[in-house]
Amino acid sequence: METLEMNRASVVANPKIEDTIYVAKFDTGIIGIKVCADGTIDYRSTVAGVTDDNSSHASTVKVRSGLYIVSWQSVNTTTYALVLDLENQIAFCSLTLPDKQVINLAGVI
């Protein structure tokens, strides 16, 4: 996966999801994703004590211009539902861990 850095101005000027790296920063860590045009994602997660770095098939839903929901399941069966509000530079994530523990996070992009 490419380095998890981005230019905030480029997100506002170009609010598309495909082939752009987004980094959501939470109090307990980060989730970085790159949604590919073929429906897969590359991701790196280091939130709430969960470290995960892989590629996966994902479901991406455009709610409105600049607002997306991306969901996927990792190899270790952690499930992610990540809401990216590119216009307001905020992110929300709900993780379900293999032991069924649910973690809800709010952060910034």
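Things worth noting here:
- Which listed residue is touching a Gly at 6+ places or on another chain (Cβ under 7 Å), surrounded by 13 or more Cβ atoms within 10 Å (Cβ to Cβ) and at pLDDT below 85, from Val23, Val12, Val47: Val47
- Any hit, the range 100-109, residues being within 12 Å of the chain's Cα centre (by Cα), in a strand (DSSP E or B) and free of Cβ contacts under 8 Å to residues at least 40 places away in the same chain: no
- Of all residues in the range 63-93, those that are surrounded by fewer than 12 Cβ atoms within 10 Å (Cβ to Cβ) and either in contact with an Asp or Glu (Cβ under 6 Å, 6 or more places away or on another chain) or in a strand (DSSP E or B) (or both) total 2.
- In the range 31-52, the count of residues that are within 18 Å of Leu97 (Cα to Cα), without any contact (Cβ under 8 Å) to a residue 24 or more places away in the chain and not in a strand (DSSP E or B) is one or more.
- Selection count where residues are at pLDDT 80 or above and within 19 Å of Gly29 (Cβ to Cβ), scope the range 50-72: 3
The values are calculated or read from the model by the stated rules, or taken from the named source; none is laboratory data. Keep in mind that this is a model prediction, so the values were computed, not measured. When we count neighbours, we look across all protein chains shown, and the Cβ atoms used for this are built from the backbone with ideal geometry, even at glycine.
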